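The values are calculated or read from the model by the stated rules, or taken from the named source; none is laboratory data. Worth saying up front: this structure is predicted, and the values here are computed from it rather than measured. Please note: Cβ atoms are built from the backbone with ideal geometry, for glycine as well, and neighbour counts cover all protein chains shown. To get the accessible areas, we keep the full protein, side chains included, count just its heavy atoms, and leave off ligands, DNA and RNA. Shrake-Rupley method; radii C 1.70, N 1.55, O 1.52, S 1.80 Å.
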Amino acid sequence: MKNILPFLLAASLLALFVSCGEPATPVDLKIVPNPVSVEYGGWGVKIPADATMPRLYAPIDKKLAPEEYILDTRRGKVKIRGGSDAAIFWGQQTLLQIIAQVKKQDGKRIPGVLIHDKPAFSYRGAHLDCCRHFFTVDEVKEFIDMIALHKINVFHWHLTEDQGWRAEIKAYPRLTEVGSVRAETLVGHYGSKEYDGTPYGGFYTQDEMRDVVAYAAAHHVTVIPEIEMPGHASAALASYPELGCRGADYPYKVQTTWGVFPEVFCAGNPETVTFLEKVLEEICDIFPSEYIHIGGDEAPREEWEKCPKCQALMKEKGFTREAELQSYLITTVEKYLADKGRKIIGWDEILDGGVSQSATVMSWRGAKGGIAAAKMGNDVIMTPNSHFYFDYYQTKDPADSGEPLAIGGYLPLRKCYSFDPFDQLNENEKAHIKGIQANIWTEYIATFDHVQQMALPRLAALAEVAWCPDNRTEYDDFVDRIVTGLLPIYDARGYNYAPYAFKDIE
Ligand code: ACM
Ligand code: ZN
């Protein structure tokens, strides 16, 4: 008794000091995505009164995987060890969440904690369609901020469409002179007969695209550009009509409404391949990404059935189905890009007519295309419209909940959170699932504020499935982690997240 008394005294004095000297801090941190492990203990770290962040000690640890990090606040300092700069950056995003919730609870001390995390998928993507509606370079950068906060590491930049070509290509100036502007835009939902009578346009110069690439790289985000072929080509054909099956005299136009259009690139015209290769040459010069997205979706083949050039090529090659023309065009472009050390990603229609083993398939019409591709041995990115189309409604009754007009569908946060990327796959096939992605098509999203409320908080569900598909918690806990860990950051940054996202009325 005599011996332990001084220790008891010291312990109670310390407890008194800690409890009086520091406001309470949460000891149950809420973090999205849910880390591999969180262990509490140690002193924690005081947040200096005159700083938003305590000093960070950040060593690279080559024993860790490239994106794996360990965040340690147990000994009075914030230390992040990571397998690379990117890993340390992801650790910092976790730190942001910790500080935001500590401050919200009026605390000045980060609790002592050891957090270990690493992502399940190397490809964690978010797509933004900047064609149906145009977003400025600053808005695109803010989108990159948003995805980086969620530890998403790929920005899939949709740059060409029927309704507008957005990337400056020096060899083909008419793409932006003509193809970047549509005469007017549909008002209301598809099916409406009303147009606004106002020209709408915009494009990114090559310098601007390079600036975005550099900004993304500084946030450990890779930009993958998408150049659509052979469909969604109206804006390109309005600029260079000779590349379409209807020929140089046909008055192609930049489309003013939404949907899928019969006007596609003429697969039988060798000039089409020249055009696509020259465009891709400039694109590769701007975008250093290993992958280039070549589109491939929603390309009707009726024009090819009637076109003498397309039919002649089919005969020459011994093709019996027009789908093989699509396959021919995609594999030709794939070879061209392979010579430049690049790989292609295409929407799941590239499976039609046959696809090379080296193409990565982006499964959007549900997961079935991705499952089929993985079983064939192709790499896959799952971006199913059943779970990750963030242009779909978030509530069951949009009129009641005040959701703005959307394309349709119903994808509440809970549904996004429930996606199983490995459904129906054995161990070998699972290895072909390289990642997941959310898509934001913008037919009905005209402002960046609206982009934010379609993306947030659903990006949190994407992040969770991308980092820890096998370590997800109950849905209520996930929501709790968003509310405590992420919403204070959304608020501080002025992000316009969906106010009705948690009103789960399923
Ligand atoms: C797509 O949604 N058309 C890929
Ligand atoms: Zn043709």
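The residue list 64, 401, 209 was ranked by how far each Cα lies along the charge dipole of the chain toward its positive end, using unit charges on Cβ atoms, and 64 comes out on top. Highest-first packing order for the peptide set 208-215, 160-167 is 160-167, 208-215, based on the mean count of other beta carbon atoms within 10 Å.
Ordering 418, 446, 475 by Cα displacement along the dipole of the range 418-477 toward the positive end leaves 446 in first place; charges were set at the Cβ atoms of Lys, Arg (+1) and Asp, Glu (-1). For the range 405-447, the Kirkwood estimate of the hydrodynamic radius, built from every pair of different alpha carbons, is 13.2 Å.
Take the convex hull of the alpha carbons in the range 289-434; its mean projected area over all directions comes to 11.4 nm². Of the residues 240, 462, 262, the one whose Cα sits farthest towards the positive end of the charge dipole of the chain is 462 (charges of +1 on Lys and Arg Cβ, -1 on Asp and Glu Cβ, taken about the Cα centre).
Considering every alpha-carbon pair of the range 322-363, the percent of pairs per 5 Å bin, from zero through the bin containing the longest distance, is 6, 26, 35, 23, 9, 1. May I ask for the percentage of alpha-carbon pairs in the range 260-363 that lie more than 24 Å from each other? Tail of the P(r) past 24 Å holds 20 percent of the pairs.
When Rg and the Kirkwood Rh are both derived from Cα coordinates, the Rg/Rh ratio for the range 183-270 amounts to 1.07. Computed over protein heavy atoms with a 1.4 Å probe, the carbon and sulfur contribution to the accessible area of the chain reaches 54%. With a cut-off of 11 Å between beta carbons, the residues surrounding residue 139 carry a summed charge of -3, where Lys and Arg count +1 and Asp and Glu -1. Packing, as the average of other Cβ atoms within 10 Å across residues, places the peptides 443-449, 51-57 in the order 443-449, 51-57, highest first. Just to confirm my numbers, what's the Cα centroid distance between the range 177-197 and the range 334-399 in Å? What the calculation gives is 28 Å, centre to centre. Here the contact order of the chain, divided by its residue count and restricted to Cα pairs under 8 Å and six or more residues apart, works out to 15 percent. With the helix formula -39500 (n - 2.57) applied to DSSP H stretches of n ≥ 4, the chain reaches a computed 222 nm mean residue ellipticity of -10000 deg cm²/dmol.
On the beta carbon distance between residue 63 and residue 193, with R0 = 56 Å, the FRET formula returns roughly 0.30.
Using a 1.4 angstrom probe, figure out how much accessible area the chain has per residue, in square angstrom, rounded to the nearest whole.
Accessible area per residue, the chain: 41 Å².
Between the helical axis of 85-104 and the dominant principal axis of the chain, each derived from Cα atoms, what acute angle in degrees is found, rounded to the nearest 10? Approximately 60 degrees, to the nearest ten. Given a cut-off of 41 Å, what percent of all Cα-Cα pairs of the chain lie beyond it? Within the chain, distances greater than 41 Å cover 25 percent of Cα pairs. Within the full protein context, the accessible area of residue 50 is estimated at about 140 Å² for a probe radius of 1.4 Å.
Can you tell me the dipole magnitude for the chain around its Cα centre, using point charges on the Cβ only (Lys, Arg +1; Asp, Glu -1), in Debye to the nearest 20?
With only Lys, Arg, Asp and Glu charged at Cβ, the dipole is about 1960 debye.
Translational diffusion coefficient of the range 92-206 (Stokes-Einstein, Kirkwood radius from Cα pairs, 4 °C, 1.567 mPa s): 73 µm²/s.
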